[in-house]
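Inspection log for the structure reproduced underneath, given as structure tokens.
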Amino acid sequence: MRLNSLLTDKKASILEKWFDVIIETYPPDTASFLKNRNNSFANPTGSTISQGIEDIFDELLRGLNREKTSQFLDDIVRIRAVQDFTPSQALSFIFPLKRIIREELAAEIAGKHLSDEILALESEIDGLALSSFDIYMKCREKIYDIKANEVKRSTFRLLQMANLINDTNGEEPDLEGSNNLKIKRGEVKK
Amino acid sequence: MATKFTAKPDELSKIDYKPPKKGWLDTPAEFKEHTFCWGAKAKNLNIVEFPNARDWSPAEEDWKLPENWQEIVLEGIKDRLGKYRSFKLFMDICVRCGACADKCHFFIGGGDPKNMPVLRAELLRSIYRKYFTASGKMLGKIAGARELTLDVLKEIWYYYYQCTECRRCSVFCPYGIDQAEITMVGRELMNLLGLNTDWISAPVANCYMKGNHLGLEPHTIINSMEFFLDDIETITGIKIKPTFNRKGAEILFVTPSGDLFADPGTYTAMGYLMLFHELGLDYTWSTYASEGGNFGLFTSNEMAKRLNAKIYAEAKRLGVKWIIGGECGHMWRVVNQYMDTWNGPADFLEEPVSPITGTIFENAKSTKMVHIAEFTADLIKNGKLKLDPGRNNHLKVTWHDSCNTARGMGILDEPRYVLRNVCNHFHEMPEDTIREKTFCCGSGTGLNASENMDLRMRGGFPRANAVKYVRNNYGVNMLANICAIDRATLKASMEYWVPDVSVCGLHELVGNALVMTGEKERTQDLRLEPLPEKEAKE
Ligand code: SF4
Ligand code: SF4
């Protein structure tokens, strides 16, 4: 894998460029704040993106472990899924990696017949983009679940009082992972 | 008017996602879906006799404003500049040093520059300059002044309902400029035009008429308590019989109604009931002062005052000596910062003295209202409670300082002291995210609606990020706090950001640990889940 060792050599500058392009999707005043990564608690967005892309890049070099990569993508997508972006904008952060790698390795690619390896890598990156799409959808679905759960939580006692719930087994409503208004503390009385 | 959540095809084909570079003064607010709350309904504004009541929607182009809306706003500003010296000062003294710029959770988590506190203030300050300063009148834009146009009005509305009045920014401002107070004035101005949100104005109307946010009547409140009492009996074998509206009780107990109706606040309410029973406290609940929360504070000074007065009127009617307040956040900003000026001093009450320890609560000399965390910390300090912290061994707890109690009144150490006594595993979040520098839950000041969930998640991210850190490093699985809004909203925020962390109130943990006289051997915690050791023994 000649490409891998080249990528390892260029890792720092590739990541720096990748980070910058992502940060530039934010308004200029925000971008200058996000670039300062000294304190991950003061700047969780910038730090998470920075850490996330490094982890993803390392996975690419190692050969993707789907589960791990998915977690790293999740860290970034989860943030962008609730920020001021359209879905395409939110997920736009993956693709520039292809261009950056080609730019960084321009001379090497031309000289050393790397195009097969590059193509394989690029299709891995496309795969990342597709996984990101799944993650994005899950995040948005989660938001709708949370809204529904909040309503259920705030009305549970009231339903109970209105005697709509048959309180026999003394359990809390099962709010996680259920989309319909299913109340586990008992059945809703007919 | 609200932007849909999709890109147009021609936008998609342009791969350049860089946002345009334009001055903030010239960029009107774009009302993005899932970031703003629905408009107030006429019927709720009419109940409290607010002006310009009508049904309206922020998403519509036409806000159905009164003809002379501009005049109303400018008069309103003038009036408040005269009335509140702090407002005048905050309009004048900002040197735009930028120290506050990156301290707001909405900016940190969302990235919209207009959520930088300095810019949020500038939205209103630019109007102040234009109409109330000589330089602004003459030099206009060069002096940072601008006309009050319809776009500008909408922009102020949009961003003043994206500030939780948490005051984090003010901690970092060398001049102590408090954006929370500027936001309060901004929202007062909006209320002159009937531009409150539904999520705030409905609880205000309900509280005004019935005494609590949901508008529940006495029998409903008493019924709800029955469920807790049954659960407590199941857990401890003890049947507690609290009193309601009892004249001549020594103490009136007031807590946010969320503790009675929304999990996980309900477990905290069970904790109060158990504690007071064990102490044999001469106290009563009221079904009229049945709300510690005060959404008036998110509306206007006047409205907050009217709602706060109801608690004291009830204390007077019942003839109690003093008041204990439950785990609420903004209730305490009201009591600690404003009550005395509005409705105080409460001379008909007595200076609070703990009947158990004899401690005099001098800090409550004028308001006569003691925070339950102070009350309980004092009990523990004086060795009056028998506690078994091992019953919370299944929980690895971290502490969220609620903005209002921490920054607003300095309750920092009392809850930590209680925590250390009722549980064995307590881990602090990183220094920059706790105590005075605590991060807001992201949904305070009546922003805890559901239609603005994206905004709430952005605002909640910095807090959640710190929780994630203690989860990863210490296995933390419980986020404790003393605020009813936190208990509801952090639950949502955790579900999104750190799904394996639950949320609880301080007195839920107290209730778990409290060894009560005559109790049976406990096998369940207040959530009716098996205690870990007991499970292991079986
Ligand atoms: S008070 Fe809080 S929410 Fe408002 S601008 Fe300051 S930091 Fe942001
Ligand atoms: S820190 Fe204070 S003086 Fe500096 S920009 Fe912010 S509000 Fe203005």
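Calculated mean residue ellipticity, 222 nm, chain B: -13500 deg cm²/dmol, from DSSP H runs (n ≥ 4) at -39500 (n - 2.57) each, averaged per residue and rounded to 500.
Count the net charge of all other residues whose Cβ sits under 12 Å from the Cβ of B:C104, scoring Lys and Arg as +1 and Asp and Glu as -1.
Working: positive: B:K103, B:K114, B:R120, B:R167, B:R168, B:R458; negative: B:D102, B:D112, B:E165.
Here the count lands on +3.
The solvent-accessible area of A:D29, taken with every protein chain present and a 1.4 Å probe, is close to 90 Å².
So, for the range A:3-140, what is the accessible surface per residue at a probe of 1.4 Å, expressed in square angstrom?
Numbers: 5840 Å² over 138 residues.
Accessible area per residue, the range A:3-140: 42 Å².
For the range A:1-63, which semi-axes, largest first and in whole Å, follow from the square roots of 5 times the eigenvalues of its Cα gyration tensor?
Numbers: eigenvalues 127, 29, 14 Å².
The answer is 25, 12, 8 Å, longest axis first.
Per the Debye calculation on chain B with a single equal scatterer at every Cα and no solvent contribution, log₁₀ I(q)/I(0) for q = 0.05, 0.08 Å⁻¹ amounts to -0.21, -0.53. Across the range B:379-516, the fraction of Cα-Cα pairs farther apart than 28 Å, rounded to a whole number, is 15%. Summing both sides, the accessible surface hidden between A and B at a 1.4 Å probe radius is close to 4700 Å². Rounded, prolate or oblate for the protein assembly as shown? Axes are the square roots of the Cα gyration tensor eigenvalues, ordered a ≥ b ≥ c, and the cut-off for rounded is a/c under 1.5. Judged from the Cα gyration tensor, the protein assembly as shown comes out oblate (a/c at least 1.5, b/c at or above a/b). Normalised by residue number, the volume inside the convex hull of the Cα atoms of the range B:32-177 is 135 Å³ per residue. Quick check: net charge around B:V73, other residues with Cβ under 11 Å of its Cβ, Lys/Arg +1 and Asp/Glu -1? Cβ neighbours under 11 Å give a net charge of -2. The separation of the range B:290-317 from the range B:350-408, counted between C-alpha centres, amounts to 23 Å.
Share of carbon and sulfur in the accessible area of the protein assembly as shown stands at 52%, probe radius 1.4 Å. Remark: accessible surface ordering of A:M137, B:M274 (largest first) is A:M137, B:M274, probe radius 1.4 Å.
Using the Cβ-Cβ distance between B:R96 and B:N363 with R0 set to 35 Å, the FRET efficiency works out to roughly 0.45. Phi-derived couplings, Karplus 6.51 cos²θ - 1.76 cosθ + 1.60 at θ = phi - 60°, listed residue by residue for the range B:342-354: 6, 10, x, x, 7, 5, 6, 9, 9, 4, x, 10, 5 Hz, with x used for Gly and Pro.
The Cα atoms of the range A:1-131 cover 43, 28, 25 Å along the three principal axes, with the biggest extent listed first.
Could you state the number of Å between the C-alpha centres of the range B:220-236 and the range B:490-518? The two parts, judged by their Cα centres, are 18 Å apart.
Under 10 Å from the Cβ of B:E181, count the other residues' Cβ atoms, weight Lys and Arg +1, Asp and Glu -1, and hand me the total.
Values: positive: B:R167; negative: B:E165, B:D178.
Spelling it out: positives minus negatives among the neighbours equals -1.
Quick query: amide H of B:L514 versus all other amide H atoms, modeled in the peptide plane; which residues come in under 5 Å with a sequence gap of 5 or more or a different chain? Residues meeting the criterion, in which the H sits 1.01 Å from N, are B:D388.
A probe of 1.4 angstrom, applied to the heavy atoms of all protein chains, finds B:V467 with accessible area near 0 square angstrom.
Going by accessible area, probe 1.4 Å, with all protein chains left in place, what is the ranking of B:T164, B:T149, largest first?
Correct descending sequence by accessible area is B:T149, B:T164.
For A:R37, the accessible surface of its heavy atoms amounts to roughly 80 Å² (probe 1.4 Å, protein chains only, rounded to the nearest 10).
Just to be sure I understand: of the beta bridges DSSP finds with both ends in the range B:355-510, what percent are antiparallel, rounded to 5? Close to 0 percent. Ranking of B:C504, B:C100 by solvent-accessible surface, largest first: B:C100, B:C504 (1.4 Å probe, protein heavy atoms only, all chains present). The alpha carbons of the range B:459-521 give a radius of gyration and a Dmax of 14.0, 46 Å, in that order.
Express in nm, to one decimal, how much length is gained between A:K10 and A:A129 on full extension, taking 0.36 nm for each residue of separation and deducting their alpha carbon distance.
On the way: separation 119, 0.36 × 119 = 42.84 nm, distance 2.22 nm.
Using 0.36 nm per residue and subtracting the Cα-Cα distance, I get 40.6 nm.
For the pair B:T517 and B:F348, label points projected 7 Å from Cα toward Cβ lie 3.4 nm apart.
The values are calculated or read from the model by the stated rules, or taken from the named source; none is laboratory data. What you are looking at is a predicted structure, and each value in this text was computed from that prediction instead of being measured. Virtual Cβ from ideal backbone geometry, glycine too; neighbours counted across all protein chains shown. Heavy atoms of the whole protein, side chains included, go into the accessibility calculation; ligands, DNA and RNA do not. Shrake-Rupley method; radii C 1.70, N 1.55, O 1.52, S 1.80 Å.
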